[in-house]
Amino acid sequence: MALEDTPRSQSESSPSLLNAIAAWPVRVLFTILDVPLRGLQRLLGIRAMPYIFILPNLAFFGLFVVVPLFINFAFSVTGGTNLYLDERPFVGLEQYGFLFDCGNYLDPTTCREDRFWHGVFNTFTFVFFQVSLIVLFSLITALILNREIRGRGFFRAAFFFPVLLSPVVVALIWKWILLRDGVLNAFLVSVGLDPILYFVSPAWSMFWAIFVSVWAHMGFYTLILLAGLQAIPPDLYEAAEMDGTKRERVFFRITLPLLWPNMLVVIVLALIKAVQIFDEVFVLTGGGPGTATQFIVQYIYTTGFSNQVQNFGLAAAASVVLGVVLFVLTLLQLAASRRKDEA
Amino acid sequence: MKNKLQMTLAMGVAALGLMAGNALAETELRMTWYNDGIEGEVMRGILDKFEADNPDIKVTLDVVPYKAILESLPVQLAAGEGPDIARVTDLGGLSKYYMDLTPYISDPAYWEANFGPFLKWLRQPGDTSSISGFMTQLTVTGPYVNKTLFEQAEVDMPGEGATWDDWAKASKEVADKLDIPIPMAWDRSGHRVAGPAISMGAKMFDADGEPALVDDGLKLMATKLYDWHQDGTMAKELWGSVSGSQYLGANEDFANAKVVMYMSGSWQIPQFADKIGDAFDWWAVPAPCGPAACTGMPGGASLVALKTSKHPEEVGKLMDYLSSEDVLAEFYGKTLFIPGHLGLAAKGIDFATDDPRAKHALSTFSAAVPSISPIAFDLQGYVNNRVMFNALISRLGEAIVGELTLDQAFDRMTQDVEQQIAEKKRGG
């Protein structure tokens with residue numbers, strides 16, 4: 001080997017050497033697994049092998065998602081305050097009966113579990129406004145960030161940053177801003193206005209619950225829509241420009257239809273997340289004033305854990321009802337995306 | 001060289017083995033604790049002395065937020081997990097998880113003599129003899145006022161025998177004159193309302209000893225609280241800003257001189273002595289009167305041994321030490337807590353403070369103990385008292401913000417108590 005060849009040879013062989021070192025444990029593992037897997041394949045046939053490979057993940061999913069679902073349903077048909085199922089009396093659908101025992105479903109005060117129904121209506125209101133606003137603002141932000149603007153990278157990071165924060169941190173920061181002596185009221189007073197007691201007003205509390213949630217999460221959905229926008233072929237826009245098509249027409253005839261799959265993902269994800277809202281609002285408003293911002297998940301938590309009499313059965317029944325709602329939403333998403341694929 | 005290496009390795013392994021051996025011989029006890037003031041530091045100092053005298057026992061003090069004591073600890077205990085010892089305030093509600101220390105303590109008679117009246121708060125219905133723990137403090141609810149504000153506003157403080165209406169009126173006058181945001185504040189807690197409700201004639205129990213939360217006395221006090229929130233005497237931000245039975249204290253607002261009169265209790269003394277100091281005159285005043293009494297609610301926190309412990313003998317040894325007169329005298333003296341030890345209460349405690357405000361508060365609350373109503377004692381010892389407190393505060397909060405009328409709130413309180421106790425009787 002010529003001396004002048006040595007450095008290049010060394011540099012060429014270094015990555016190979018590193019790769020070989022990194023690959024060694026994987027090779028050893030595959031060698032160990034090869035024998036039993038070949039045996040399994042001989043036994044079960046090659047068609048069964050994909051299921052064997054996803055079995056560990058399925059087992060994990062089953063243990064931590066499916067089994068608790070069944071346990072939760074079992075809790076929902078039992079009563080008492082014991083934690084262990086075998087110590088709880090079977091009560092059938094009584095807990096569901098308590099939840100749906102209402103004189104008028106549109107008036108929670110006529111219901112036995114009035115707080116559950118307050119939670120239902122509050123969640124519905126929250127979901128309607130929060131999802132609409134999050135889709136709208138995410139779309140606007142994605143459209144702006146898709147353009148060649150100065151500091152685009154910085155703004156993309158800045159809009160995504162709140163997504164990385166813990167919901168408790170987000171809620172605490174906003175709570176401090178909105179308190180009687182907070183920054184916002186200090187500003188209002190400085191410009192000659194009276195301070196506003198936001199957390200004493202049901203309307204303001206709901207407004208800020210929605211605002212904080214949109215602020216904290218829109219970065220995530222903006223990224224999804226931005227990815228969708230960037231996947232739209234630029235030739236279409238060039239062709240439209242050559243045709244002299246107006247901007248609004250371009251948006252509604254080209255951008256929106258091609259962005260629709262991403263929009264659907266955003267809408268469904270936002271819907272599912274919004275129905276499960278709890279941590280941010282619990283820290284921000286505590287569910288108050290009264291029950292104005294108490295949502296379904298807080299009702300479940302309070303009923304099952306924070307009351308002195310921990311009514312696991314009733315809380316489980318409420319969470320089954322919530323689960324059914326989320327399941328229906330998921331089915332709607334599957335149906336909508338299937339229809340789109342067929343189209 | 002090889003021999004030296006082998007020797008070094010062998011010595012290292014032996015040392016590791018010795019350490020492991022020591023660790024194995026040492027018993028670790030876990031104590032779950034929360035703080036009102038500085039008592040965690042004081043307890044840690046006492047535990048260090050215990051460990052020095054008992055090198056085979058190590059005690060870990062897990063300091064958690066009060067909310068964790070109320071919400072997380074019961075779930076842990078229900079799951080069969082939990083510490084060896086815990087400081088709790090739901091004395092009767094958690095009683096099914098307490099360990100009977102009688103076989104493991106050196107002198108049960110000492111416990112009966114000095115903690116007797118409070119031991120029954122820790123017992124399940126029907127149990128007349130178990131010993132599970134002792135009071136880390138006896139507390140009494142009662143009001144504090146910002147005396148400096150009264151002086152600045154030139155408003156006389158109501159005297160002995162004054163009613164809640166007298167104090168509400170005076171506090172509002174001071175607040176209006178000095179532009180103080182909150183004339184009167186109460187901790188958002190049913191326990192705080194119970195004493196004044198009993199003063200108004202509330203009986204809390206029916207003739208059979210079953211809970212009967214809503215009666216004329218309670219309605220009278222609840223209506224006052226409702227009216228005070230509507231006319232600005234009390235700020236809706238505290239009681240009206242959260243839902244359910246969530247606890248909110250107004251101690252920070254009082255310490256920041258935003259409150260003229262603050263209804264809380266004796267456990268705030270060490271915190272106020274530390275945080276307020278002499279910034280203004282924080283003054284404990286006697287419980288205002290109603291037609292039936294001038295009472296606060298007794299209460300306190302108890303250090304209890306738990307059935308989840310795997311080291312009952314060591315727990316007994318530790319509890320014997322912590323409950324001894326000398327150790328408790330040191331604890332109460334440094335923490336400025338009213339003693340829950342009858343012998344020490346009679347002898348008096350040398351409280352570690354020169355603060356005249358703290359001394360006055362301690363003597364005011366101590367003097368209030370004899371006038372605590374028997375109904376208040378019974379309520380404090382009732383195993384489901386938190387069900388009643390939570391129903392009271394949550395529904396009253398909804399009425400205050402206008403979601404319910406007062407009558408609807410009273411109906412819901414009764415319903416909530418009945419439903420929860422019925423659920424509890426079903427099993428557990």
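For A:Arg8, the stated conditions hold: it is in a helix (DSSP H, G or I) and either within 30 Å of B:Gly80 (Cα to Cα) or at pLDDT below 90 (or both).
Residues in segment B:93-139 that are farther than 22 Å from B:Met297 by Cβ and of a type in the set (A, V, I, L, M, F, W, C): 7 in all.
How many residues does segment B:396-410 hold that are assigned to a helix (DSSP H, G or I) and at the interface with chain A (Cβ under 10 Å from one of its Cβ atoms)?
Qualifying residue count for the region: 5.
Would you call B:Ala301 within 30 Å of B:Ala79 (Cα to Cα), crowded, with 18+ Cβ neighbours inside 10 Å, away from every other protein chain (no Cβ under 14 Å) and among the aliphatic types (A, V, I, L, M)? Taking the combined requirement at face value, the residue satisfies it. Residues in segment B:212-256 that are outside any helix (DSSP H, G or I), modelled with pLDDT of 95 or more and closer than 22 Å to B:Leu379 by Cβ: B:Ala212, B:Leu213, B:Val214, B:Asp215. Is it true that some residue in segment A:260-275 is in the same structural domain as A:Ala158 (by TED's automatic domain parsing) and more than 17 Å from the chain's Cα centre (by Cα)? Checking segment A:260-275: at least one residue is in the same structural domain as A:Ala158 (by TED's automatic domain parsing) and more than 17 Å from the chain's Cα centre (by Cα).
Taking (1) over 26 Å from B:Gln137 (Cα atoms); (2) touching a strand residue (DSSP E or B) at 6+ places or on another chain (Cβ under 6 Å) in turn, B:Gly240 satisfies each apart from (2).
For segment B:215-224, taking the residues that are buried (at least 22 other Cβ atoms within 10 Å of the Cβ) and within 30 Å of A:Ile300 (Cα to Cα), the one that is farthest from the other protein chains (Cβ to nearest Cβ) is identified as B:Leu218. For the residues A:Ser201, A:Ser213, the requirement of being modelled with pLDDT of 95 or more, assigned by TED's automatic domain parsing to the domain that holds A:Ile272 and of a type outside the set (A, V, I, L, M, F, W, C) singles out A:Ser213.
Just one of the listed residues (B:Val387, B:Val383) is under 30 Å from A:Val77 (Cα atoms), within 19 Å of the chain's Cα centre (by Cα) and either not assigned by TED's automatic domain parsing to the domain that holds B:Lys147 or not in a helix (DSSP H, G or I) (or both), namely B:Val383. Determine if segment A:304-312 includes at least one residue that is within 29 Å of A:Leu197 (Cα to Cα) and more than 19 Å from the chain's Cα centre (by Cα). The answer is yes; a qualifying residue exists. Among (1) out of contact with any Asp or Glu (no Cβ under 6 Å at 6 or more places or on another chain); (2) within 13 Å of chain A (Cβ to nearest Cβ); (3) closer than 19 Å to B:Leu70 by Cβ; (4) not aliphatic (A, V, I, L, M), there is one condition B:Lys425 misses while meeting the rest; what is its number? The single condition B:Lys425 does not satisfy is (3). Among A:Ile224, A:Ile196, which is the only one that is over 24 Å from the mean Cα position of the chain (by Cα) and either within 14 Å of another protein chain (Cβ to nearest Cβ) or among the β-branched types (Val, Ile, Thr) (or both)? The conditions single out A:Ile196. Condition first: closer than 16 Å to B:Ala78 by Cα, in contact with a strand residue (DSSP E or B) (Cβ under 6 Å, 6 or more places away or on another chain) and within 14 Å of another protein chain (Cβ to nearest Cβ). Can you find one or more residues in segment A:80-91 that meet it? Yes: one or more hits. Pairing each residue of segment B:72-86 that is at the interface with chain A (Cβ under 8 Å from one of its Cβ atoms) with any residue that is surrounded by 22 or more Cβ atoms within 10 Å (Cβ to Cβ) and not in a helix (DSSP H, G or I), provided the two are 6+ apart or on different chains, yields C-beta distances under 8 Å for B:Pro74/A:Gln310; B:Pro74/B:Leu94; B:Val75/A:Gln310; B:Ala78/A:Gln310. Among the residues making up segment B:212-242, those that are in contact with a helix residue (DSSP H, G or I) (Cβ under 6 Å, 6 or more places away or on another chain) and of a type in the set (S, T, N, Q) are B:Thr233, B:Ser241. Among the helices (runs of 4 or more DSSP H) confined to segment A:214-316, the ones with at least 3 residues that are in contact (Cβ under 8 Å) with a residue 60 or more places away in the chain and under 29 Å from A:Phe75 (Cα atoms) are located at A:256-275, A:279-284, A:296-301.
Here the condition is being polar (S, T, N, Q) and within 7 Å of chain B (Cβ to nearest Cβ); of A:Gln276, A:Gln308, it holds for A:Gln308 alone. Within the option set B:Thr353, B:Thr414, being outside any helix (DSSP H, G or I), over 18 Å from the mean Cα position of the chain (by Cα), outside the structural domain of B:Thr89 (by TED's automatic domain parsing) and in contact (Cβ under 8 Å) with a residue 40 or more places away in the chain holds for one residue only, B:Thr353.
The values are calculated or read from the model by the stated rules, or taken from the named source; none is laboratory data. Bear in mind the structure is a predicted one, so any value in this text is a computation, not a measurement. In this analysis, Cβ positions are derived from the backbone assuming ideal geometry, glycine residues included, and neighbour counts consider all displayed protein chains.
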